[in-house]
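*Asks:* Sharing a structure with you now.
Only the coordinates and a few stated rules stand behind these numbers; no lab work does. Since the structure is predicted, the reported quantities are computational estimates derived from the model, not experimental observations. Note: ideal-geometry Cβ built from the backbone for every residue, glycine included; neighbour counts use all protein chains shown.
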Amino acid sequence: MFLNRIKSLITERQPDSILWNALKQGDRRAFAELYERYYRTLYNYGYKLMPDTALVEDAIQDLFVDLWRIQQNLGEAESVKFYLFRSLRRKIHRLAEKENRFLSVDLLTSPFRSDTTPEHQITEQEHEQQLVRQLAQALKQLPERQLEVVMLRFYENFKTGEIAAIMGITDKSVRNTLHKAMTHLRENARYLAPFLGLLLFFF
């Protein structure tokens, strides 16, 4: 047990801030760890902005090449995730020749739980899966900017100021856009009350 504890400490996930500072010192392993840690998340976000696999992959590669190239000039990053999202968005817009658009929406993790019979659990699971699909459809009907704000706020857990910096808009615009999105969902997707209740709790 003691040896297992030592092993877990050795292999413990390093905080982003530690890896970032190590990257600034030229640590290749820290660079590789950040790449592996964020590649999939960045790809998912980038593909929502521009559903072009090659373009998104090129943007991510360019982003990390730049990180390594300017490593010694990197500043402090309170949130590495925020820095990477903002940088990727800028690169995608530079690479893209047309307006960004959303063609896919990740599904929310279901908030439902059940301690009843297996048959009842199956019924509830089918019901919540239907709600998840309906929520995805409702989100796809939002204007592009509203959808991006919702995704960054509720799926990626960014704060208002961070969303504003990522998208290049003001804090007030973020709040107004989020308000419009939630109003639209309330008015046009009343059957999604279980999910909207969770979102509105944070809103």
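*Asks:* Apply the Karplus curve 6.51 cos²θ - 1.76 cosθ + 1.60, θ = phi - 60°, to the phi angles in the range 170-179 and return the couplings in whole Hz, x for Gly and Pro.
*Replies:* Computed from phi, the couplings for the range 170-179 are 7, 4, 4, 5, 4, 4, 5, 5, 5, 4 Hz.
*Asks:* Starting from 0.36 nm per residue, how many nanometres of slack lie between residue 171 and residue 18 once their C-alpha separation is accounted for?
*Replies:* Difference between extended and current length: 52.2 nm.
*Asks:* Take 174, 65, 80, 149 and order them by how many other Cβ atoms sit within 10 Å, fewest up front.
*Replies:* In increasing order of surrounding Cβ atoms, one gets 65, 80, 174, 149.
*Asks:* From the backbone phi of the range 28-36, what are the Karplus-calculated ³J(HN,Hα) couplings (6.51 cos²θ - 1.76 cosθ + 1.60, θ = phi - 60°) in whole Hz, Gly and Pro given as x?
*Replies:* Those phi angles translate into 5, 5, 5, 4, 5, 5, 5, 4, 5 Hz.
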